[in-house]
1. Going down the list 251/298; 84/301; 84/314; 69/314; 314/341, which pairs span over 31 Å between their C-alpha atoms?
2. Please work out how much accessible surface residue 249 shows to a 1.4 Å probe, ignoring ligands, DNA and RNA, in Å² rounded to 10.
3. What ³J(HN,Hα) values, in whole Hz, does the Karplus curve 6.51 cos²θ - 1.76 cosθ + 1.60 give for the stretch 41-48 when θ = phi - 60°, with x put for Gly and Pro?
4. Please give the solvent-accessible surface of residue 287 in Å², to the nearest 10, using a probe radius of 1.4 Å with every protein chain present.
5. HN-Hα J couplings of the stretch 83-97 from phi, Karplus 6.51/-1.76/1.60, θ = phi - 60°, integer Hz, Gly and Pro as x?
6. Using a 1.4 Å probe and counting only protein heavy atoms, arrange 286, 183 so the residue with the most accessible area comes first.
7. In whole Å, what is the distance between the alpha-carbon centres of the stretch 265-343 and the stretch 7-52?
8. Which order do 33, 337 take by accessible area at a 1.4 Å probe, largest first?
Amino acid sequence: MTSDRCIEGKFWNRPLHKCEPCETKYKIIQGHEFTENCGWSDEQQQIEPPYRACGDGTFNDGSQAICRKCRSCSPPQVIASACKTTSDTICCNQGEQFFYGKCIPQPSQTTRITTPSTTVHITSSVASSSPSLRPPNFPDSSPSPQNFMPKPSPSSMGRSHSHFIGIYVCFGILSALALVCLFLFIRRRTKPFNKEFKKCCNGASHESLSKKGIARYEQAISYNVINDGNNDHETGLAHLLAPEVQNASLKTVLNNLDVLEELVLVLDPDISGAKNTRHLAAQCSFSFAWINYAYSMKDHKSPLVAVLEGVVTKNPDWTVGHLTELLTAIGRNDAVEILAKLPAGV
């Protein structure tokens with residue numbers, strides 16, 4: 001076990017001085033279960049990954065934190081759906097099939113056999129091997145008007161098929177033209193829409209990551225076109241931060257959710273030509289393997305948050321000024337400008 005204080009399935013929360021379940025820190029994932037103590041040691045070090053895949057014969061459908069053993073079907077039930085790592089075995093009775101989450105009887109099939117003198121209907125079940133015979137239906141000896149109706153000739157049927165094919169081709173051409181016009185219309189309207197969106201959201205409160213995602217993503221994209229030769233503006237931006245902010249503990253960034261979310265939006269994405277969280281982690285002496293692992297867990301936790309938490313754990317005396325120097329060293333002055341939004345009274 002990675003922890004001497006907590007049992008399996010829990011980790012030691014050092015700031016709160018108590019053991020907490022792994023699901024309070026990480027999400028439950030189908031087909032996986034938590035490793036011992038979520039991979040965390042009592043010193044708040046990530047020793048192992050927090051997840052491991054369910055083994056053979058076990059599953060986790062996302063309802064529990066651990067993998068459970070797959071059930072087995074006992075006669076007369078049969079396996080309708082085999083056990084997978086994300087779902088349990090589904091058993092149905094013989095003669096039933098699994099359909100939309102339920103075991104339902106298989107439909108019967110009716111075969112019509114026609115002879116010159118009689119017509120016999122044979123009804124058989126898919127699951128049954130003995131067909132049941134119905135009494136023969138003897139045809140009416142009186143002539144039917146349908147017997148004297150002329151049958152369509154092959155040439156007339158061919159003309160009918162050609163007519164329908166022509167309709168389908170015309171419909172396909174019209175649909176393609178409509179899609180092209182719609183694409184051109186959307187493309188033409190995109191640029192003014194983005195301008196109005198920025199204008200609308202400049203004064204919006206930072207309530208959620210989704211409201212700021214588009215504006216900050218565009219800001220990160222625009223960073224790619226900054227001329228590498230214009231270094232006059234890229235140095236000496238530390239004056240933007242108040243002295244109280246520069247001397248504040250690095251935990252201040254983690255505690256200010258608005259500033260932290262903006263930093264995540266501009267530093268976490270892998271954008272060509274712009275250095276990001278990977279380069280910042282390298283400046284903080286994190287290994288290449290650790291950085292790749294942090295990005296592999298990006299869907300569950302921001303790599304930047306993981307880096308900042310690791311730095312605070314290893315160097316509790318670091319300040320916002322240290323982070324400003326590192327960001328300036330990798331040329332991310334846009335992130336320094338975001339740090340300048342920290343209140344001076346921290």
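1. Values: 251/298 21 Å; 84/301 27 Å; 84/314 41 Å; 69/314 40 Å; 314/341 26 Å.
Listed pairs above 31 Å: 84/314; 69/314.
2. Residue 249 has an accessible surface of roughly 50 Å² with all protein chains in place.
3. Each residue of the stretch 41-48 in turn: 8, 5, 8, 6, 10, 7, 7, 10 Hz.
4. Its heavy atoms expose roughly 60 Å² to the probe.
5. Listing the rounded values in order: 5, 10, 5, 10, 8, 7, 5, 10, 10, 10, 6, 4, x, 10, 10 Hz.
6. So, going from the largest accessible area down, we get 183, 286.
7. So the separation of the two Cα centres works out to 23 Å.
8. On the way: 33 35, 337 80 Å².
Result, largest first: 337, 33.
The values are calculated or read from the model by the stated rules, or taken from the named source; none is laboratory data. Keep in mind that what you see is a predicted model, and the values were worked out from it rather than measured. Only protein heavy atoms, including side chains, enter the accessible area calculation; ligands, DNA and RNA are left aside. Shrake-Rupley method; radii C 1.70, N 1.55, O 1.52, S 1.80 Å.
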